[in-house]
Structures are given as structure tokens and as C-alpha cells.
Amino acid sequence: MPQKNKRQDARRDANEPAIVKHLVSLGYLVERIGDPGDLLVWNHESRHWILLEVKVPGGRLTPKQKKYREDNPDVDLPIVESEAEAERAVFMR
């Protein structure tokens, strides 16, 4: 029986599965999270976790996402829309 007052999972962007599949095929460890970004990616070479925000092309940040960025201007949280952008974002960090 469903529990009341439980937050539904946030809606995922349609391009996220392809981005995850691409990063995994390159050997990265990818965890789907919800806040403050969508994906947590382990770069084996740099030995760092990289946080990514996935958006469909033309997608906008939610008010909560905008506030997080305003409150934490030093946090590196790239927005990626494609497999190539995600690959570059992870490789460069």
C-alpha cells in the first residue's frame, strides 16, 4: 500500500539514460542521484567524483536548482545536454 506524503521521484530528463550508458561505456562509475545534481561520476584517472546536471536541449533549471547555484557559487556543477558534453565535463575535471 502506498505511503502518504512521500515525495515522488524527481522526473528524469529523457536524454539521461543515453548519457549514463555512454559514460559507463567509457569506464566511468555513474550513480544517479537527485540533489544537488543528477549524476555523480567517478573519474578513475583523476580519482575524483564529478557532479553533473543533465538537461534536455533547451531545458531550464528549476527554482530549487537556481537557488542552489546562487547559494553555492563555488560548486562546480556543469550542465550537460549530450553524451559528448558529459564526456568533456568528466574528462576535464
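Numbers at a glance
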| read-out | value |
| --- | --- |
| Residue among V80, V90, A14 farthest towards the positive dipole end of the chain, charges placed on Cβ | A14 |
| Partner aspartates and glutamates for K66 [C-alpha distance under 15 Å; skip if fewer than 8 residues away on the same chain] | D35, D38, E53, D74, D76 |
| Given (1) 16, 51, 29, 5, 0; (2) 15, 48, 28, 8, 1; (3) 11, 13, 13, 13, 11, 9, 8, 7, 6, 5, 3, 1, the label whose value is P(r) over Cα pairs in 10 Å bins from 0, in percent derived from this model | (2) |
| Helix-only [θ]222 nm of the chain, DSSP H runs n ≥ 4, -39500 (n - 2.57) each, per residue, nearest 500 | -8500 deg cm²/dmol |
| Nonlocal amide H pairs with I50, under 5 Å, H built at 1.01 Å | V41, W42, N43 |
| Estimated dipole of the chain in Debye, rounded to 20 [Cβ of Lys and Arg +1, of Asp and Glu -1, Cα centre] | 500 |
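Laboratory data are not the source of any read-out in this text; all were calculated from the coordinates shown. Keep in mind the model is a prediction, meaning the values are calculated, not measured. Positions of Cβ are backbone-derived with ideal geometry, glycine not excepted, and every protein chain shown enters the neighbour counts.
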